[in-house]
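The values are calculated or read from the model by the stated rules, or taken from the named source; none is laboratory data. What you see is a predicted model, and the numbers here were worked out from it, not measured in a lab. With ideal geometry, Cβ positions are generated from the backbone for all residues, glycine too; neighbour counts draw on all protein chains shown. Ligands, DNA and RNA are stripped out before the accessible areas are found, and what is left, the full protein with its side chains, is counted by its heavy atoms. Shrake-Rupley method; radii C 1.70, N 1.55, O 1.52, S 1.80 Å.
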Amino acid sequence: RGDDVQAWFDAVIEADQKVEPRDWMPDDYRKGLVRQIAQHAHSEIIGMQPEGNWISRAPTLKRKAILLAKVQDEAGHGLYLYAAAETLGVTREELVDALIEGRQKYSSIFNYPTLTWADVGAIGWLVDGAAIVNQVPLCRCSYGPYARAMIRICKEESFHQRQGYEILHTLSHGTPEQRAMAQDSLDRWWYPSLAMFGPPDTQSTHSAKSMGWKIKRHSNDELRQRFVDMCVPQAKVLGLTIPDPDLRWNDERGHHDFTEPDYAELMRVVAGDGPCNAERMAHRRRAHDEGAWVREAAAEYAEKAASRKKA
Ligand code: 3HC
């Protein structure tokens, strides 16, 4: 009965246990998960573009091989997350159509251009670093398939973050031109990376419900603060300067005070007005159209195999 299953669901969440695909769940819990997991998957797939631009221009064979592995990992993360979303009763086609028709989002961060090789380092250090800060708590999310997908993805993100950090360490300890390139990259990627964590808690539409369901385990501002506190010592080791004159340790708070990103810019980028939105979506549409023959062939093959089985 209605109130029995709701009581059962509430008890599972309360006890920090997992909700599984075949369990009863409130409609808005299901819809909230489809929204977040699908947009997470879209982010992974679109995120392949900015870095993919540099595979053919990596400075050494070793860097090329590492970057190739990372971009392939992102594709895998996307497929993992689409599979997790499908356990909620949506199809891959519905999700891909929602992205291509602009009815679902992907992370704002991928609408910024990768102008130099140092940007590949900054994306690894900052963007994958931010992803780790955001995704480690998601390993404890109440929905089983999403939490389990995160455990595997977080392991690979650590490799992504380290390889980016090592690129910047090489550059920041290299020639004056290389140092300048690394500093320029940090200057351009710092604030968009802080914005990745979402609007401030006071403007977050989903946080209250999402935290009540134990999907989101820490608020946007909490994770943003955690990210800043993590990056400050790392920037020191790189010998690079975080572009925030008001960044300083606050003994009382036990955290760094810092300048917030421009949330109006975040909302503009999310609404489609970022530097690369049109390019990213055109590329995604083109890849989808050019891949139509593969989907048709796979469907045809599956149909033939099924009819052979019946015969
Ligand atoms: N980019 C795009 N949209 C964003 C955003 C961002 N950085 N931050 C917030 N939004 C959107 C939300 O999706 C929501 O819009 P919607 O209702 O249309 O979905 C709206 O702004 C309000 O934000 P909320 O804080 O209320 O939304 P959430 O509670 O969903 O919090 C979030 C936003 C923290 C991004 C959360 O959705 C989340 O944790 N998602 C999973 C992590 C994720 O998607 N990461 C993508 C980063 S890229 C990545 O991980 C790839 C790696 O390999 C680098």
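Out of the total accessible area of region 16-99 (probe 1.4 Å, heavy atoms of protein only), what percent is carbon and sulfur?
Carbon with sulfur: 56 percent of the solvent-accessible area.
Using a 1.4 Å probe, what is the accessible area per residue for region 229-277, in Å²?
Using a 1.4 Å probe on heavy atoms only, each residue of region 229-277 averages 58 Å².
Provide the per residue accessible area, probe 1.4 Å, for region 1-147, rounded to a whole number of square angstrom.
Averaged over the residues of region 1-147, the accessible area is 41 Å².
Expected output is a single nm value to one decimal: the length gained when fully extending between D10 and D246, i.e. 0.36 nm times separation in residues minus the C-alpha distance. What is it?
Taking 0.36 nm per residue and subtracting the Cα distance, the gain is 80.6 nm.
What part of the accessible area of region 157-254, given as a whole %, is carbon or sulfur when the probe is 1.4 angstrom?
Carbon plus sulfur share of accessible area: 58 percent.
Determine by what factor the alpha-carbon radius of gyration of region 50-94 differs from 2.2 N^0.38 Å, reporting the quotient.
Relative to the 2.2 N^0.38 Å estimate, region 50-94 comes out at 1.56.
If I compute solvent accessible area with a 1.4 Å probe over the protein chains, what percent of it on region 261-311 is carbon and sulfur?
Carbon-and-sulfur percentage of accessible area, whole number: 59.
Once the other residues with Cβ under 12 Å from the Cβ of L171 are scored (Lys, Arg +1; Asp, Glu -1), what is the net sum?
-2
In 20 Å bins starting at 0, how do the alpha-carbon pair distances of the chain split up by percent?
With a bin width of 20 Å, the distribution comes to 30, 55, 14, 1.
As a check on your grasp of the helix formula, calculate [θ] at 222 nm for the chain: sum -39500 (n - 2.57) over DSSP H runs of n ≥ 4, divide by the residue count, round to the nearest 500.
The helix-only estimate for the chain comes to -21000 deg cm²/dmol at 222 nm.
Counting other Cβ atoms within 10 Å of each Cβ, which trypsin sites (Lys or Arg not before Pro) in region 1-94 have at most 15 and sit in a DSSP loop?
R1, R22
Give the long-range amide H neighbours of Y143: residues separated by 5 or more places, or on another chain, with amide H under 5 Å away, using H modelled in the peptide plane at 1.01 Å from N.
Amide H neighbours of Y143: V19.
If Lys and Arg each add +1 and Asp and Glu each add -1, what is the summed charge of the other residues whose beta carbon sits under 13 Å from the beta carbon of R217?
Combined, the nearby Lys, Arg, Asp and Glu give +2.
Only sites in a loop by DSSP and with at most 14 other Cβ atoms within 10 Å count here; which chymotrypsin sites (Phe, Trp or Tyr not before Pro) in region 1-45 make the cut?
W24
Roughly how many Å² of K105 are accessible to a 1.4 Å probe, to the nearest 10?
Its heavy atoms expose roughly 100 Å² to the probe.
Sorting S219, S158 by accessible area (1.4 Å probe), largest first, what list results?
Of S219, S158, the descending order of accessible area is S158, S219.
Just need the Rg to Rh number for region 167-256, please, alpha carbons only, Kirkwood Rh.
Rg divided by Rh gives 1.08.
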